[in-house]
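Enquirer: Please see the structure below; I have some questions.
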Amino acid sequence: MQIFKTIQEMRAACSLAKGGGQRLGLVPTMGALHEGHLSLVRTAKAQCDAVAASIFVNPTQFGPNEDFAKYPRSFERDCEILEQEAVDLLFAPAVEEMYPQGMTTWVTVEGLSDKLCGKARPGHFRGVTTVVAKLFQIVQPDAGFFGQKDAAQLAIIRRMVRDLNFAVEIVACPVVREPDGLAMSSRNAYLDPQQRRAAPVLYRSLLKIQEVFKRGEHRADKLIDSGKQTITEEHSVRLDYLEIVDPDTLDHADEISKTTLVAIAGYLGSTRLIDNIHLSTE
Ligand code: PAF
């Protein structure tokens, strides 16, 4: 695996990797890699001739009181993992390389960026879309691989790609879970043992909604009530949101129709975790 820290070197290596019509995949990450990231890499390997990954803890997607400084960083270990997965190119720029002095251009997907996680994290999605747009510009991938766990991020990136005519196919990969159902996340490392035991209640509340839906309840408010009831089983979990929305527009849905996204976010102490499932009438 070749590792690059500058945009110029990464751009040159990617252009070489794409030579002769090779399909280049990009797996953007913030490091602290877990099985969820590996499933993105493996899907990219299966679908592309060459795979690039990036490790960049992107400061612009963290709010002033969020965990940018303490976000888990394990660069050496991450490199070993990516090497084992036979990733071809790794881009690991410094903050100054991605955000040089005087940078004033931002990419904002209006109308979607203030929904779901965007409500509690103002500016978060602007940071995500700006850095992903920059990565797409640098790597020029044929396909970008993103986890379904960040369903709002996925919808917003898809919209950005459509609106700005990026020639990138966005591939969504399923949520990877721990044996007790907790969605894998780099932030799970923050949980103390008691919080770790409580955390799967987020997924259990989604499963409860699925169960009630399968029994014939399609009204969103009733389904949300049943999910909220499950959340109360764990007093240490503070619900941020539990919403039923259109997966493309993130607009509220009154009832389940075609494919609908059920998304949840909750706090365990100061750690904010998210999860989601899709329900479909088709
Ligand atoms: O999902 C993430 O890890 C980040 O939001 C991403 C897409 C790498 C952008 O920093």
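Enquirer: Explain nothing, just compute: Karplus ³J(HN,Hα) = 6.51 cos²θ - 1.76 cosθ + 1.60, θ = phi - 60°, for every residue of the range 246-263 in order, whole Hz, x for Gly and Pro.
Expert: My calculation for the range 246-263 gives 5, x, 9, 9, 6, 6, 4, 10, 7, 8, 6, 9, 6, 9, 10, 9, 10, 10 Hz in order.
Enquirer: Lysine pairs in the chain 8 or more apart or on different chains: how many have alpha carbons under 17 angstrom apart?
Expert: So the count works out to 7.
Enquirer: In addition: Can you give the relative contact order of the chain as a percent, counting alpha carbon pairs under 8 Å and 6+ residues apart?
Expert: Result for the chain is 17 percent.
Enquirer: I've got another one for you. Between the alpha-carbon centers of the range 21-69 and the range 95-133, tell me the distance in whole angstrom.
Expert: Spelled out, the Cα-based centre of one part sits 17 Å from the other.
Enquirer: Turning to a different aspect of this structure: Fewest to most neighbouring Cβ within 10 Å: what's the order for S186, S113, S15?
Expert: Neighbour counts put them in this order, fewest first: S15, S186, S113.
Enquirer: Report, for the chain, the % of DSSP beta bridges that are antiparallel, rounded to 5.
Expert: 50 percent
Enquirer: Using bins 10 angstrom wide from zero, how does P(r) for the range 92-208 break down, in % of all Cα pairs?
Expert: That works out to 11, 35, 35, 17, 3, in percent per bin.
Enquirer: Say the dipole of the range 17-143 comes from +1 at the beta carbon of Lys and Arg and -1 at that of Asp and Glu; which of G118, Y71, Q137 then lies farthest toward its positive end?
Expert: G118
Enquirer: Please report the projected area of the chain's Cα convex hull averaged over all directions, in nm².
Expert: 15.0 nm²
Enquirer: Restricting to Cα pairs below 8 Å that are 6+ residues apart, what does the relative contact order work out to for the range 1-99? Please round to a whole percent.
Expert: Result for the range 1-99 is 43 percent.
Enquirer: Rounded, prolate or oblate for the range 159-245? Axes are the square roots of the Cα gyration tensor eigenvalues, ordered a ≥ b ≥ c, and the cut-off for rounded is a/c under 1.5.
Expert: Taking the square roots of the gyration eigenvalues as a ≥ b ≥ c, the range 159-245 is oblate.
Enquirer: Can you work out ³J(HN,Hα) from phi for every residue in the range 181-190, in order, using Karplus 6.51 cos²θ - 1.76 cosθ + 1.60 and θ = phi - 60°, giving whole Hz and x for Gly and Pro?
Expert: x, 4, 5, 5, 7, 4, 6, 4, 5, 6
Enquirer: Please report H37, H278 as a ranked list, fewest other C-beta atoms within 10 angstrom at the top and most at the bottom.
Expert: Ranking H37, H278 by Cβ neighbours within 10 Å, fewest first, gives H278, H37.
Enquirer: Here's a follow-up. In whole Hz, with x marking every Gly and Pro, tabulate ³J(HN,Hα) for the range 53-59 from phi via Karplus 6.51 cos²θ - 1.76 cosθ + 1.60, θ = phi - 60°.
Expert: Per residue, the Karplus-derived 3J(HN,Hα) values read 10, 10, 10, 7, 7, 7, x Hz.
Read the figures in this text as sums done on the coordinates, not as results from a lab. As the structure is a computational prediction, the values presented were derived from the model and not from experiment. FYI the Cβ positions are ideal-geometry reconstructions off the backbone, even for glycines, and counts take in every protein chain you see.
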